[in-house]
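Undergrad: Quick one: the structure is below, questions incoming.
The values are calculated or read from the model by the stated rules, or taken from the named source; none is laboratory data. Since the structure is predicted, the reported quantities are computational estimates derived from the model, not experimental observations. Note: ideal-geometry Cβ built from the backbone for every residue, glycine included; neighbour counts use all protein chains shown.
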Amino acid sequence: MARRATAWFRLLLRFAVDAIVAQRGRSLLTILGMAIGTASVVGVVSIGLLGREYVVGLIEGVGSNLVFAYGTGRGVNPEEIDFDDVPAFVAAVPGIQAIAPVLRTSELVPIKGETQQVAILGVTPAYEQVRNMVVESGRFFSEREDAQGAKVCVLSEDLAIELFGSTYPPDASLRLFGLRFRIVGVFREGVESAAAVQKSEAAGLAALIPFATFRNLSDLRYVDVVYIQSATPQAVPGVVRGVTDIITARHREISNFKIESLDQYLVLAQRVSRAVTLGLIAISAVSLLVGGIGIMNIMLVTVTERTSDIGIRLALGAGQRAIMVQFLLEAAILSLVGGVLGVILGAGVPFYVGWLYGVAVPVSGLSVTVAFTVSVAVGLFFGFYPARKAASMNIVDALGYA
Amino acid sequence: MTGAPEPVIELSAIRKTYTKDAAIVHALRGIDLTIKAGEFTAIMGRSGSGKSTLLHIIGLLDAEYQGSYRFNGTPVEDRSPDALAQRRNRDIGFVFQSFHLLPQLTILENAALPALYAGDRSADECREVARERLREMGLLARLDHKPMELSNGQRQRAAIARALVNAPRLLLADEPTGALDSKTADEILEIMLELHRGGATLIMVTHDREVAEVAERTIHILDGQTSNGMV
Ligand SMILES: Nc1ncnc2c1ncn2[C@@H]1O[C@H](COP(=O)(O)OP(=O)(O)O)[C@@H](O)[C@H]1O
Ligand SMILES: [Mg+2]
């Protein structure tokens, strides 16, 4: 029984394919319409995913489990985050993996005959890892140098280029706080996108010196910002709460500070990009719909043209069901082939562009599956009416049709 | 099959009305007709008298009529379109005046079509049977030709092969020689008569008195009614 049904189906499939091949020009145009519809759906989803990946990548590059606390009342309100808050965070808040307080000032430094403002940041060695810094040449300063208050510094790439061009000479030094600081390395920010998400204190002309050295040489009491890396992204909200509680407890209520994490931006970015992608899918689905209407149109013309063919088949004892299935298969094949071409096109173009620009382009497996399913469904849906028209023809009239 | 043969076709009070642009044509006005297995019945009558209409109803091609029709003892009116299609496919072979071959298929594919739609033999077996029928019709050298490439006589023989491929008990022919020259017409008629001699129930619409002479029964149709008298 099953074998018989299979043979029956294969017979109708053959008739359907024969008819498509016999009208190849028209079939190709119909397929093209479907292909464009499917390609736009797949392409749009790829673009949406790419946008999402870009934004998420920016945020994750900076660190999605990074929490930062900073004062907002510098110079006006003395009640800011101070040195002693930092050990308190580590002691009282669970889930903190690393912490990097930053002291900050600036100095005018003579560069190529003119003076320029250079940011001086006092940081602990943990800063390198927490802030995702890449040491371009030389090295970062060590825990020991920090503990000893050593007069060493690491320059931002911009500053190094301003001072020395491409490479800096060995044993070069820089005058800061009226003292000679030995230059031990050059850094750049590991993720260039950091500045896009949040203004970086280490951007532009900057020199990093050990935290302890900074404390010894400056009477600055308040930290500019404290970077806190939570152990896991899940721990971020707990860390934010804990740090907030401690600052509130240790300072007067008028204290001005802000605690932020990139976590919240991540969720927001994902939500926005999902909404945008869905919107784009809805728009491109219209072209899929147009493709489907194209199929219905062609199938209606085909049914009319093949009236006598249908009449003969019915007269010879092809059931209405056989005629119906044959025409549904024709519509489904046209839209499936269109769907396959569309997926190749819709996925291939982003892949090619990605390959050209060296970007990994995401092609959603889901969107490919959905595009296939939807294109076949479109074919069946829009093929139904013409197929039923073919199957329910009056046989005698169809035979007499010239 | 001893004793009286079974009635294959039992028509009673069959009426058929066409409505075309508010004009009503009474194509059949109450036909009563019983045809037994193995009979050769000729249907004669002027053009427009309703012969084709009657044959279409007998052949289960037209289910829109009034009256009652029992085919092989079963009322036709109760059957679904697909059930009627199956009876057309297995029990009835049609031969039309204008052949009605599918132009895009070869003669072999055309002849195999009813067997393929029947679905109880493999495609190879269907083609084998079709080949055999075409061989009997003298078309063995033409199997892979399209109908366009054949003469009218060859086309009609291919159509007969197709009608026979499922070995139906009933053969219906609507002016099968209408489009043929007289020599070819005689060949086709001889084939039809040979089939009848082989045991087939045959109903043929014809204008040829000589054919009617050969037939066991001749039914005259006049304005949609049977007239049992002469002429
Ligand atoms: N599809 C149709 N629509 C309207 N009238 C029709 C149709 N088919 C046949 N007729 C009319 O029915 C009558 C019988 O036709 P038909 O059975 O073809 O006659 P015959 O085969 O004896 O020449 C004729 O008057 C014809 O004009
Ligand atoms: Mg006629």
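Undergrad: I'm trying to understand the selection: among the residues of region A:299-316, which are surrounded by 23 or more Cβ atoms within 10 Å (Cβ to Cβ) and more than 23 Å from B:S98 (Cβ to Cβ)?
TA: A:M299, the sole residue that qualifies.
Conditions (1) crowded, with 20+ Cβ neighbours inside 10 Å; (2) within 16 Å of ligand 1 (Cβ to nearest atom), marked per residue:
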{"site": "B:S151", "(1), (2)": "no, no"}
{"site": "B:R157", "(1), (2)": "yes, no"}
{"site": "B:A173", "(1), (2)": "yes, yes"}
{"site": "B:D181", "(1), (2)": "no, no"}
{"site": "B:D186", "(1), (2)": "no, no"}
{"site": "B:G199", "(1), (2)": "no, no"}
{"site": "B:A212", "(1), (2)": "no, yes"}
{"site": "B:R217", "(1), (2)": "no, no"}
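Undergrad: Let me ask something else about it. Yes or no: region A:382-389 includes at least one residue that is more than 16 Å from ligand 2 (Cβ to nearest atom), of a type in the set (K, R), out of contact with any Phe, Trp or Tyr (no Cβ under 7 Å at 6 or more places or on another chain) and without any contact (Cβ under 8 Å) to a residue 60 or more places away in the chain.
TA: No, there is no match, as no residue in region A:382-389 is more than 16 Å from ligand 2 (Cβ to nearest atom), of a type in the set (K, R), out of contact with any Phe, Trp or Tyr (no Cβ under 7 Å at 6 or more places or on another chain) and without any contact (Cβ under 8 Å) to a residue 60 or more places away in the chain.
Undergrad: Can you name the residue in region B:30-61 that is away from every other protein chain (no Cβ under 14 Å) and of a type in the set (D, E, K, R) and is also farthest from ligand 2 (Cβ to nearest atom) among such residues?
TA: Result: B:K36.
Undergrad: I would also like to ask the following. Name the residue that is surrounded by the fewest Cβ atoms within 10 Å (Cβ to Cβ), counting only residues in region A:103-125 that are closer than 23 Å to A:N65 by Cα and at pLDDT 90 or above.
TA: Per the stated criteria, the residue is A:P125.
Undergrad: All but one of (1) within 14 Å of chain B (Cβ to nearest Cβ); (2) part of a helix (DSSP H, G or I) hold for A:A318; which doesn't?
TA: (2)
Undergrad: Ok, one more. Give the residue that is farthest from B:P7 (Cα to Cα), with candidates limited to residues of region B:192-224 that are part of a strand (DSSP E or B) and more than 16 Å from ligand 2 (Cβ to nearest atom).
TA: The extreme case among them is B:T218.
For (1) within 14 Å of chain A (Cβ to nearest Cβ); (2) assigned to a helix (DSSP H, G or I); (3) away from ligand 2 (no atom under 16 Å from the Cβ), each residue gets a yes or a no:
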site: B:Q97; (1), (2), (3): yes, no, no
site: B:L108; (1), (2), (3): no, yes, yes
site: B:C126; (1), (2), (3): yes, yes, yes
site: B:Q154; (1), (2), (3): no, yes, yes
site: B:A158; (1), (2), (3): yes, yes, yes
site: B:A163; (1), (2), (3): yes, yes, yes
site: B:A185; (1), (2), (3): no, yes, yes
site: B:E190; (1), (2), (3): no, yes, yes
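Undergrad: All but one of (1) away from ligand 1 (no atom under 16 Å from the Cβ); (2) more than 14 Å from every other protein chain (Cβ to nearest Cβ) hold for B:P168; state the number of the condition that does not hold.
TA: (2)
Undergrad: Any idea how many residues of region A:225-239 are crowded, with 21+ Cβ neighbours inside 10 Å and assigned to a helix (DSSP H, G or I)?
TA: Of the residues in that region, 2 qualify.
Undergrad: All but one of (1) within 12 Å of another protein chain (Cβ to nearest Cβ); (2) more than 26 Å from B:V25 (Cβ to Cβ); (3) away from ligand 2 (no atom under 16 Å from the Cβ) hold for B:L84, so report the exception by its number.
TA: Among (1) within 12 Å of another protein chain (Cβ to nearest Cβ); (2) more than 26 Å from B:V25 (Cβ to Cβ); (3) away from ligand 2 (no atom under 16 Å from the Cβ), the lone unmet condition for B:L84 is (2).
Undergrad: So which residues in region B:72-110 are within 26 Å of B:T19 (Cβ to Cβ), more than 16 Å from ligand 1 (Cβ to nearest atom) and not basic (K, R), if there are any at all?
TA: B:P75, B:V76, B:E77, B:D78, B:S80, B:P81, B:L84, B:A85
Undergrad: Only residues in region B:54-75 that are on the phi > 0 side of the Ramachandran plot count as the first member; pair them with residues that are assigned to a helix (DSSP H, G or I), Cβ under 6 angstrom, at least 6 apart or cross-chain, and list the lot.
TA: As it stands, the answer is B:L60/B:L84; B:L60/B:R87; B:L60/B:R88, since those pairs meet every condition given.
Undergrad: Considering only region B:47-58, I want to know if a residue exists there that is surrounded by fewer than 18 Cβ atoms within 10 Å (Cβ to Cβ), closer than 25 Å to B:L28 by Cα and more than 16 Å from ligand 1 (Cβ to nearest atom).
TA: No; the residues of region B:47-58 include none that is surrounded by fewer than 18 Cβ atoms within 10 Å (Cβ to Cβ), closer than 25 Å to B:L28 by Cα and more than 16 Å from ligand 1 (Cβ to nearest atom).
Undergrad: Does B:D78 count as surrounded by fewer than 22 Cβ atoms within 10 Å (Cβ to Cβ) and within 11 Å of chain A (Cβ to nearest Cβ)?
TA: In short, no.
Undergrad: What are the pairs, 6+ residues apart or on separate chains, where a residue within region B:184-209 that is over 14 Å from B:I160 (Cα atoms) has its Cβ under 7 Å from a residue that is in a helix (DSSP H, G or I) and of a type in the set (D, E, K, R)?
TA: Hits for this filter: B:V205/B:K51.
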